[in-house]
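What follows is a short report on a single structure.
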Amino acid sequence: MAEGFCYFDTAYPYHGQKSEEALRKCLVERYPRESFLIADKMPTIRVTCPEDYPRLFEEQLKRCGVEYFDYYLLHNIWQKSYEDTKAFDGFDFIAEKIKEGRIKHFGFSFHDSPELLDRVLREQPQTEFVQLQINYLDWESPSVRSGECYKTARKYGKPIIIMEPNKGGSLINLPPEAEKLFREYDPSVSNASWAMRWAASLQGVMTVLSGMSSLAQLKDNISFMSELKPVGEEEKAIIKKVSGIVSRKSPIGCTGCRYCTDDCPMGIPIPEYFDAYNSYILTKNMGNAGMYYRRYSNGRRKASECIECRGCESRCPQHLKITEHLKTVAACFEQKAD
């Protein structure tokens, strides 16, 4: 706040449903309401009938301790959630709250195809902005297709909020040969700064969201975002090389969003297992990776206990073949453990 950063993003399910309450205590109860902007999201996965909208909305206002939201999003619009939102009159509900002044700006977060994004923006012209997963690794990804989604949003003239600029931390701990390219160009800056500045340099971007888990990370972000220096052509060329290296080295493109675990009947900690596996592939250190796997699986179901219901795959923003990856993880860690 002291440095002028005043946009705070939260959502109903974040941090075991405690994020909104934490925001109230840390922000709302300490600063004048007009000094900050709050973005919250309707948890579309929890909406099963029209009556759920007002119930969830009022609960969110209470959790955050506010009378209105500056930015309000439909959370994670994809094929099914979009059809459900229309069937349950979700867009009419949003319009009603805008008229009441309880929503200032309306948009949605999105993890699906550019074709669906085009349809939604065409059918819902009242949408003011879109929140997209954009980072240099996913820009040309055949599954995420973030570059195409970006161009679609630009086609409709919608301001873009970027999420996952560091791809859940995947662009922080880089393979040595990738990190070397960054260090040779400028040894004084962080890997995060490369990813954040790349995202923020795109035209039409309103803000870039960054999940931070330490004061050091916060200070680092402030250091290069306070007075943003757009990436130049030489830097873009280096980033493209780094992206190629990381793509070859990271076999499972999980961002740790945890949508896959919300309703897993077996309670399998899928992101943790994928993280352990990626760590092993990148470092070739079975000792550390195996330790992580054993820690993650302590008291919980192992990867091999997946029943292949594939509910996780329908909710995965990265469109990963989760059940197949879990078999790979099991073959990697469990047989070696035996």
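The values are calculated or read from the model by the stated rules, or taken from the named source; none is laboratory data. Please read all numbers here as calculations on a predicted model, not as lab measurements. Cβ placement follows ideal geometry from the backbone for every residue including glycine, while neighbour counts extend to all protein chains displayed. With ligands, DNA and RNA removed, areas are computed over all heavy atoms of the protein, side chains included. Shrake-Rupley method; radii C 1.70, N 1.55, O 1.52, S 1.80 Å.
If Leu121 satisfies all but one of (1) on the phi < 0 side of the Ramachandran plot; (2) in contact (Cβ under 8 Å) with a residue 40 or more places away in the chain, what's the number of the condition it fails?
(2)
Spot the failing condition for Gln318; the list is (1) surrounded by 15 or more Cβ atoms within 10 Å (Cβ to Cβ); (2) more than 20 Å from the chain's Cα centre (by Cα); (3) among the polar types (S, T, N, Q), and only one is missed.
Exception for Gln318: condition (2).
Look through the stretch 190-214, keep the residues that are surrounded by fewer than 17 Cβ atoms within 10 Å (Cβ to Cβ) and modelled with pLDDT under 95, and return whichever of them is farthest from Ser170 (Cα to Cα).
Ranking the qualifying residues of the stretch 190-214, first place goes to Ser214.
Okay, residues lined up against (1) touching a residue at least 60 places away in the same chain (Cβ under 8 Å); (2) within 13 Å of Phe110 (Cα to Cα):
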position: Val130; (1), (2): no, yes
position: Ile134; (1), (2): yes, yes
position: Arg145; (1), (2): no, yes
position: Lys155; (1), (2): no, no
position: Ile172; (1), (2): no, no
position: Leu181; (1), (2): yes, no
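Quick check: is even one residue across the stretch 165-187 of a type in the set (Lys, Arg), at pLDDT 95 or above and assigned to a helix (DSSP H, G or I)? Give the derivation first.
Step one: filter the stretch 165-187 for residues of a type in the set (Lys, Arg), giving 167, 180, 183.
The next check asks that each one be at pLDDT 95 or above; those that pass are 180, 183.
If we keep only those that are assigned to a helix (DSSP H, G or I) as well, we get 180, 183.
Checking the stretch 165-187: at least one residue is of a type in the set (Lys, Arg), at pLDDT 95 or above and assigned to a helix (DSSP H, G or I).
Can you name every residue in the stretch 263-279 that is under 18 Å from the mean Cα position of the chain (by Cα) and either buried (at least 24 other Cβ atoms within 10 Å of the Cβ) or part of a helix (DSSP H, G or I) (or both)?
Once the filter is applied, which keeps residues that are under 18 Å from the mean Cα position of the chain (by Cα) and either buried (at least 24 other Cβ atoms within 10 Å of the Cβ) or part of a helix (DSSP H, G or I) (or both), the stretch 263-279 yields Ile270, Pro271, Glu272, Phe274, Asp275.
Within the stretch 171-189, can you find the residues that are surrounded by 15 or more Cβ atoms within 10 Å (Cβ to Cβ) and of a type in the set (Phe, Trp, Tyr)?
Hit for the stretch 171-189 is Phe182, nothing else.
What do you reckon, is Lys80 modelled with pLDDT under 95 and basic (Lys, Arg)?
The answer is yes for Lys80.
Restricting to the stretch 39-88, count the residues that are open to solvent by less than 60 Å² (accessible area, probe 1.4 Å) and not in a helix (DSSP H, G or I).
Summing the residues that are open to solvent by less than 60 Å² (accessible area, probe 1.4 Å) and not in a helix (DSSP H, G or I) in the stretch 39-88 gives 21.
Within the stretch 21-38, count every residue that is farther than 14 Å from Lys104 by Cβ, basic (Lys, Arg) and assigned to a helix (DSSP H, G or I).
Total meeting the criteria: 2.
Name, by its number, the condition in (1) at negative phi; (2) open to solvent by 20 Å² or more (accessible area, probe 1.4 Å); (3) out of contact with any Leu (no Cβ under 6 Å at 6 or more places or on another chain); (4) not basic (Lys, Arg) that does not hold for Val231.
(2)
Name the residue, out of Arg300, Arg295, that is open to solvent by 60 Å² or more (accessible area, probe 1.4 Å), part of a helix (DSSP H, G or I) and not hydrophobic (A, V, I, L, M, F, W, C).
Arg295
What about Phe91, is it without any contact (Cβ under 8 Å) to a residue 60 or more places away in the chain and crowded, with 22+ Cβ neighbours inside 10 Å?
Judged against the criteria, Phe91 is not a match.
Hey, among Ala331, Ala289, which residue is in a helix (DSSP H, G or I) and touching a helix residue (DSSP H, G or I) at 6+ places or on another chain (Cβ under 6 Å)? Give the steps one after another, and end with the answer.
On the way: Ala331 fails: touching a helix residue (DSSP H, G or I) at 6+ places or on another chain (Cβ under 6 Å).
Ala289 is the lone residue from the list that is in a helix (DSSP H, G or I) and touching a helix residue (DSSP H, G or I) at 6+ places or on another chain (Cβ under 6 Å).
I need the full set of residues from the stretch 5-38 which are open to solvent by less than 50 Å² (accessible area, probe 1.4 Å), among the hydrophobic types (A, V, I, L, M, F, W, C) and out of contact with any Gly (no Cβ under 7 Å at 6 or more places or on another chain), in order please.
Cys6, Ala11, Ala22, Leu23, Leu27, Phe36, Ile38 - these are the residues of the stretch 5-38 that are open to solvent by less than 50 Å² (accessible area, probe 1.4 Å), among the hydrophobic types (A, V, I, L, M, F, W, C) and out of contact with any Gly (no Cβ under 7 Å at 6 or more places or on another chain).
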